1. Among the residues in region A:334-353, are any at pLDDT 95 or above and within 14 Å of chain B (Cβ to nearest Cβ)?
2. Here are the criteria: (1) out of contact with any strand residue (DSSP E or B) (no Cβ under 8 Å at 6 or more places or on another chain); (2) at negative phi. Tell me which single one residue A:248 does not satisfy.
3. Given the structure, is residue A:116 touching a helix residue (DSSP H, G or I) at 6+ places or on another chain (Cβ under 9 Å) and within 14 Å of another protein chain (Cβ to nearest Cβ)?
4. Inspect all residues belonging to region A:451-469 and state whether any of them is closer than 20 Å to residue B:171 by Cα, assigned by TED's automatic domain parsing to the domain that holds residue A:414 and not in a strand (DSSP E or B).
5. Looking at A:261, A:238, can you tell me which residue is over 30 Å from the mean Cα position of the chain (by Cα) and at pLDDT below 95?
6. Where residues in region B:42-61 are under 14 Å from residue B:32 (Cα atoms) and surrounded by 23 or more Cβ atoms within 10 Å (Cβ to Cβ), which of them is nearest to the other protein chains (Cβ to nearest Cβ)?
7. Consider residue A:330 against the criteria (1) surrounded by fewer than 20 Cβ atoms within 10 Å (Cβ to Cβ); (2) not in a helix (DSSP H, G or I): it satisfies all of them except one. Which criterion is unmet?
8. Count, please, the residues in region A:141-162 that happen to be surrounded by fewer than 24 Cβ atoms within 10 Å (Cβ to Cβ) and either in a helix (DSSP H, G or I) or within 14 Å of chain B (Cβ to nearest Cβ) (or both).
């Protein structure tokens, strides 16, 4: 019987067709794209042979956009229109970026996410990030010779819902189908773990250009289980540069530099930091725009001293993650170093001291995240993987709801394994109250004002009752990307309201569509045509998935009538898929999705039963 | 083929007999086997309905695992299957000696925080752990042997006190570490 041909019910049985999928590390300083080729994860280089794309975007007056090295070369010449480290502004308001306000940008305080005024107009961090992602998408499609099925985009584990949502929006804007948002330390663990076939508890210490993450994972029989994660989404190598920059200002008796000089000295600061990795002393020499000469000498010891507290700010979350995982340092088998900033000797030394062991650095700390993301993308795209492994990740910050007195009532605690759902009941506090406003927050602090506000929505139409007798059940659902949706329902009347949490400054679908169509910013693909192509690809994938499922399980799980109904819906999709009527394709796909609901249920039930029988169907086949 | 009951109880879902004493290695193994079958990562290239179902199942299995893995949640859950409400929010009648000890420990916690005394925290944490282990053993006997549901509900309420204290000790560590 056909039913017994597969070992893993979820996986497609079409190994001949390799789907093009990539992993993208959208970094603060550099971004990379990687893919699995012939079973091996490789980073894709640009035409000049470099893997790292500096995350720098320059806007020009004529509307042209430069990304990468060429933009980076202009950062001191044209600092206000050359955006570096845009990741630090993703999903962040002006007050959040206050600490780095002496950056040479013209910030625009817009509701929620800060925007930047450039010569080409006001740009949101989402749009700027999308420019970087577009370049990587083009690089991948050129290199792989075809359109991508999708991409896994990595995010810092400690990114909150707003930052994740902004990242996903940027990917959509770049025309990428997001297969999954994957936490950076987890991606690194995949690259390491699968490489070394490790077992036991590992810590991943990930200090990037602008973010710090630490994750504690248990690797066991192909399962990567994140036990706890912690971090600081506004701490990274940039801050070390900033310390040197401030030191130069003090040492050279400077104050109030213009944007060009600021960027110039920041660039020199970064170079000095990198020099001090291999040298005990470095000379910083620069000529400012007024002709003044800056010529100072910085020793490694001074650099260590001025950055000591930055280092402490990474060790504290590390200890906290260990406590959350209920583990002591002795139980950690290995420590993986990720991110370019872990090249600093004082970082390596401090981590080694804390964990009482030499950290692992055998994979390139700049590339390991992209390599891991590519492995995950390959599996999610439905390409068969020789290794059968499973990833269980967590949410980094507690999700809660505002209750009386401005307090946050936690609904899903931090470090809960995702996907996760939790329902909590609330009640009215006034007689005859017919509406309830629901304020969703994220963070560990007790006061709502200390947490991040994610969304506010209202449940209306509650029947008038005595205070305290309405039963309002609020359900939080966090999906595998770590993104939240919330439903509220009054249990006596059944009145319901729900939101997919879009932070007030997240972009709505409408805004993204508008941006996608706003092709005059600079030359883009014809968006209409692209949207049609994507729909067609999606429809073709669905047809293939359903066809495979029918061949495998149709006879066993469905009666003749149900099979016929699905077949008819498939025919309907085939009838319109090569046409150019977007909405007809959408309708046909939707109705095919509807027709397969029961079939999907039956397949899922069988999967669960299979797991319980403790053996795979392939074993029966023998 | 008969459809599985999504709402079936967690012990059935994990095929573990509904007792307080469980084989935690077996639970871990079942959890991994189940997630390997239903996790969204296995369905991301399939139809929308399969993706949605996968998320629901995976969520349910995570919830079940959390419930069965924690002794307190497991005890509470066993009682709820018997129709016993543990009244953790409403029933505040506690044996006097237990309350006295709790007050002492909470004072000790405040003192340790004020004195920034990590060693005192360690001692307190250790005491709390021992007391928790003792109460868990007691709860197991009440649930699995004497089937005394009222006494078991009392033990659950005590364990909830200790869990709260453990949470406070944990945030005290965070505070002293900052």
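1. No, region A:334-353 has no match at all.
2. Failed condition: (1).
3. No.
4. Within region A:451-469, one or more residues are closer than 20 Å to residue B:171 by Cα, assigned by TED's automatic domain parsing to the domain that holds residue A:414 and not in a strand (DSSP E or B).
5. A:261
6. Among those residues, the one meeting the criterion is B:42.
7. Among (1) surrounded by fewer than 20 Cβ atoms within 10 Å (Cβ to Cβ); (2) not in a helix (DSSP H, G or I), the lone unmet condition for residue A:330 is (2).
8. Selection size over region A:141-162: 7.
The values are calculated or read from the model by the stated rules, or taken from the named source; none is laboratory data. Here the structure is a predicted model, which is why all the values come from computation and not from measurement. With ideal geometry, Cβ positions are generated from the backbone for all residues, glycine too; neighbour counts draw on all protein chains shown.
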